[in-house]
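Reviewing the structure listed below.
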Amino acid sequence: MPTEHTTSKEQRVTLVFVPIKEGYLQEAGSFGPADYAVFVLMLVVSSGIGVYYAWVDRRKKSSSEFLTGGRTLTFLPVSMSLAASSMSSTTILSNPAEVYRFGAIFGLIVIAYPLSMVVTSEIFLPIFYRLNITSTYEYLELRFNKATRLLGTTSFLIQITLYAGVTVYGPALALNEVIGMNLWTGIFSTAMVCTFYCTLGGLKAVVWTDVFQIGLMLSGFLAIIIKAVIVQEGISTIFADAQQGGRLNFWDFDLNPLRRHTVWTLVVGGTFIWTTVYGVSPPSVQRYVSCRSITHARLALYVNLLGLWACLVSAVFAGLCLYSVYKSCDPWTAGLVSSPDQLIPHMVMHIFTNNPGLPGLFLAAVYSGSLSTVSSCISALAAVTLEDLIKPHTKLSEKQQLVVSKALSLFYGLVCIGMAGIASFLGGMMQAVAVIGSVTGGPLLGVFSLGMLCPFANSKGALSGLVMGFVATMSVSLGDLISRSPPEMTRPLPLTTEGCNLTTAGDQNWTSTVLPEAPSFVTTTPALHGEGMNLAGKWYSPSYLYYCLIGAVTVFTVGVIVSLLTGGWREKTEARLTLQKEDTTFYHLFRFAKGCVMKGADKPDLTGKPEGGDTNPASSCDLEMDALKANLKSSRL
């Protein structure tokens, strides 16, 4: 169980860690010239990529070239860009802290990744690629009406700017309190570097900086893991500590939807969240349509899985390392850090005391996560604003559209700085990011699914469903803000400060902070929340991972009912706007398998001809193989 301590505002205290292994964790290090050199080098290289593509494409005057890379990119850089922009700094800072506090069950979201990729590849990607559109919300006007498109666009702009704000603010705050980097210096450096290379180089610069930055992110994780394993003298020690501390809690099949993390919330809820991210989110779709063929787009989607898995496994194992190092002296409970997102930076400053340059590599990895995500947001915001809000109401030449695109990139870079201030009220990074994405992303996933899967759906059904979806997701998210889920639903694991040596001194160089909220996160005693639950009227919110599912199902259900009641079954929809069986690879694989089976079942007669008079026994199988190859090679479905 955790031990608590409080101090007066005037009392200064110091916390001395009992070394896990003699010689380690005696004293936190500080950033030196080598560390700042590594960080600055990362910023310079990222900016240099933008300058390079601005020079290479200086004679191209098309907004399409700027926003979609001229649709000439191949699957490998696009796949790495998808992985980098999806992971972000949240993966580096918050996911290990999540494992530290709640256990490795969070890693089961790895199952949701391939499920969401299959859904995206088979349903959403073929239609978006066939329509050749830059903004996904253009589809809503083609399929329904302008009002639906405008509502979708507006909700996306609000969502993505808030998301970018969290991504900029979170790491800046964490590193500000741990290594002393000025908060607004961190915010400005992230936003301005992103804005610089997005404005100069467009989508190509975004993609290739993502390739560079995901390498840095994985390198940072690898450095932390290797050093922690050395400190703890082996992987077996880390797993033994995790087992003893209850962190290897993978299999929880509780069906209660109010539970924060179970197998079902992570797999089912996670699949809906990641389908939203990859299926209908403009940053992802913008990358698909930048590929030279649909085959490259599909390959990018599936190869991206390798990057996602590598980052998630690294984050989970880093969380186990974090627990092993601090199992007897939790810095958060003790007040040495003020939020869980600061735990990983705090550990880095201890274990890398005698390794100059490696703390800088970690800092570069964190900011690479921010840069990759925020640059994707800026590029998508510029594309959506131009396509949905400006072009339908103006007549601009290609050159003017290019100028507007670059101006929008600059504008949204400045907006991200402002939104970072709002993000300070949203709490922990990981859950804040998931909630922001789900509140608007779930309903948008529902309306796109309605349009693509239900030919009878009409504009009345789509618009009413979208409104009801927003109401549903806003209700559950606000309910959770008003009345936090109790410990018996979140199941935090015990943390302790029993191994810490707390001494008071008048001349120590840091002051502890009193954390009134801390006990509610680090104990599993329900009594701590009993009174608060009664005052809140016993409202229980479902797991935050279900917000997206709630929004999508609400939109789809309401949309189907309203469409049928308003005569949608009599309307005709263009085939190119709905999913056709020929769009899916599963259909062609089934036809191929069926053709091969039929080939084997054919029985030749005495003349050597198969039954039915077919002179080519292999024709059915071969024809289906040809059709499958044609489908894979086609640049348009």
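Between a first residue in the range 216-234 that is in contact (Cβ under 8 Å) with a residue 40 or more places away in the chain and a second residue that is among the basic types (Lys, Arg), which pairs have beta carbons less than 9 Å apart while being 6 or more apart in sequence or on different chains?
VAL231/LYS21; GLN232/LYS21; GLU233/LYS21
I'd like the full set of residues that are β-branched (Val, Ile, Thr) and more than 15 Å from PRO356 (Cβ to Cβ), limited to the range 30-52.
VAL44, VAL45, ILE49, VAL51
Which one of the conditions (1) over 16 Å from the mean Cα position of the chain (by Cα); (2) under 30 Å from THR74 (Cβ atoms); (3) surrounded by 24 or more Cβ atoms within 10 Å (Cβ to Cβ) does PRO359 fail to meet, given that it meets all the rest?
For PRO359, the exception is condition (2).
Only residues in the range 361-373 that are in contact (Cβ under 8 Å) with a residue 60 or more places away in the chain count as the first member; pair them with residues that are charged (D, E, K, R) and surrounded by 24 or more Cβ atoms within 10 Å (Cβ to Cβ), Cβ under 6 angstrom, at least 6 apart or cross-chain, and list the lot.
Every condition considered, the pairs that remain are SER372/ASP210.
Can you name every one of the helices (runs of 4 or more DSSP H) wholly within the range 81-173 that holds 1 or more residues which are within 19 Å of ILE273 (Cβ to Cβ)? Explain how you work it out, then say what you get.
Working: elements: 112-119, 125-131, 137-143.
Once the helices (runs of 4 or more DSSP H) in the range 81-173 are filtered for at least 1 residues that are within 19 Å of ILE273 (Cβ to Cβ), what remains is 112-119, 125-131.
For residues in the range 290-303 being outside any helix (DSSP H, G or I) and buried (at least 24 other Cβ atoms within 10 Å of the Cβ), which is modelled with the lowest pLDDT? Explain how you work it out, then say what you get.
The initial filter retains those residues of the range 290-303 that are outside any helix (DSSP H, G or I), namely 290-293.
Now narrow it down to the ones that are buried (at least 24 other Cβ atoms within 10 Å of the Cβ): 290-291.
Values: SER290: 84, CYS291: 87.
The selected residue is SER290.
Can you tell me which residue within the range 473-491, out of those that are small (Gly, Ala, Ser) and over 22 Å from the mean Cα position of the chain (by Cα), is surrounded by the fewest Cβ atoms within 10 Å (Cβ to Cβ)? Even if it seems obvious, please write down each step before you answer.
Filtering the range 473-491 for residues small (Gly, Ala, Ser) gives 475, 477, 479, 483, 485.
From what's left, over 22 Å from the mean Cα position of the chain (by Cα): 475, 479, 483, 485.
Details: SER475: 12, GLY479: 16, SER483: 18, SER485: 21.
Here the residue is SER475.
Yes/no matrix, rows are residues, columns are (1) surrounded by fewer than 24 Cβ atoms within 10 Å (Cβ to Cβ); (2) under 21 Å from THR134 (Cβ atoms); (3) modelled with pLDDT of 75 or more:
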position	(1), (2), (3)
SER8	yes, no, no
GLY32	yes, no, yes
THR68	no, yes, no
VAL78	no, yes, yes
ALA97	no, no, yes
PHE102	yes, no, yes
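When only residues in the range 226-254 that are assigned to a helix (DSSP H, G or I) and touching a helix residue (DSSP H, G or I) at 6+ places or on another chain (Cβ under 6 Å) count, which is nearest to PRO492 (Cα to Cα)?
As a first pass, look at the range 226-254 and keep what is assigned to a helix (DSSP H, G or I): 226-231, 235-244.
Okay, now just the ones that are also touching a helix residue (DSSP H, G or I) at 6+ places or on another chain (Cβ under 6 Å), so 227-229, 231, 235, 238, 241-242.
On the way: LYS227: 27, ALA228: 23, VAL229: 25, VAL231: 26, ILE235: 24, ILE238: 20, ASP241: 17, ALA242: 14 Å.
Checking each candidate, the answer is ALA242.
Any residue at all in the range 190-200 that is free of Cβ contacts under 8 Å to residues at least 12 places away in the same chain and over 22 Å from the mean Cα position of the chain (by Cα)?
Looking only at the range 190-200, we keep the residues that are free of Cβ contacts under 8 Å to residues at least 12 places away in the same chain, and these are none.
No: the range 190-200 contains no residue that is free of Cβ contacts under 8 Å to residues at least 12 places away in the same chain and over 22 Å from the mean Cα position of the chain (by Cα).
Identify the single condition in (1) farther than 30 Å from PRO486 by Cα; (2) modelled with pLDDT under 80 that GLY567 does not satisfy, given that it satisfies every other one.
(2)
This table checks each residue for (1) in the same structural domain as SER89 (by TED's automatic domain parsing); (2) among the hydroxyl-bearing types (Ser, Thr, Tyr); (3) within 28 Å of ALA84 (Cβ to Cβ).
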residue	(1), (2), (3)
LEU222	yes, no, yes
LYS227	yes, no, yes
GLN232	yes, no, no
ASP254	yes, no, no
GLY269	yes, no, yes
THR275	yes, yes, yes
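For the range 572-592, does any single residue satisfy the condition of being modelled with pLDDT under 85, assigned to a helix (DSSP H, G or I), surrounded by 11 or more Cβ atoms within 10 Å (Cβ to Cβ) and over 35 Å from the mean Cα position of the chain (by Cα)?
yes
Restricting to the range 304-336, name every residue that is surrounded by fewer than 22 Cβ atoms within 10 Å (Cβ to Cβ), of a type in the set (Gly, Ala, Ser) and either in a helix (DSSP H, G or I) or touching a helix residue (DSSP H, G or I) at 6+ places or on another chain (Cβ under 6 Å) (or both).
Result: GLY307, ALA310.
Mind listing whichever residues of the range 476-505 are among the hydroxyl-bearing types (Ser, Thr, Tyr), out of contact with any helix residue (DSSP H, G or I) (no Cβ under 6 Å at 6 or more places or on another chain) and at pLDDT 80 or above?
At the first step, the residues of the range 476-505 found to be among the hydroxyl-bearing types (Ser, Thr, Tyr) are 477, 483, 485, 490, 496-497, 503-504.
Right, trim to out of contact with any helix residue (DSSP H, G or I) (no Cβ under 6 Å at 6 or more places or on another chain) and you get 483, 485, 490, 496, 503-504.
THR496 - this is the single residue of the range 476-505 that is among the hydroxyl-bearing types (Ser, Thr, Tyr), out of contact with any helix residue (DSSP H, G or I) (no Cβ under 6 Å at 6 or more places or on another chain) and at pLDDT 80 or above.
The values are calculated or read from the model by the stated rules, or taken from the named source; none is laboratory data. Since we're looking at a predicted model, the values are computed, not measured. Using ideal geometry, Cβ is built from the backbone for each residue, glycine included, and neighbour counts are taken over all protein chains shown.
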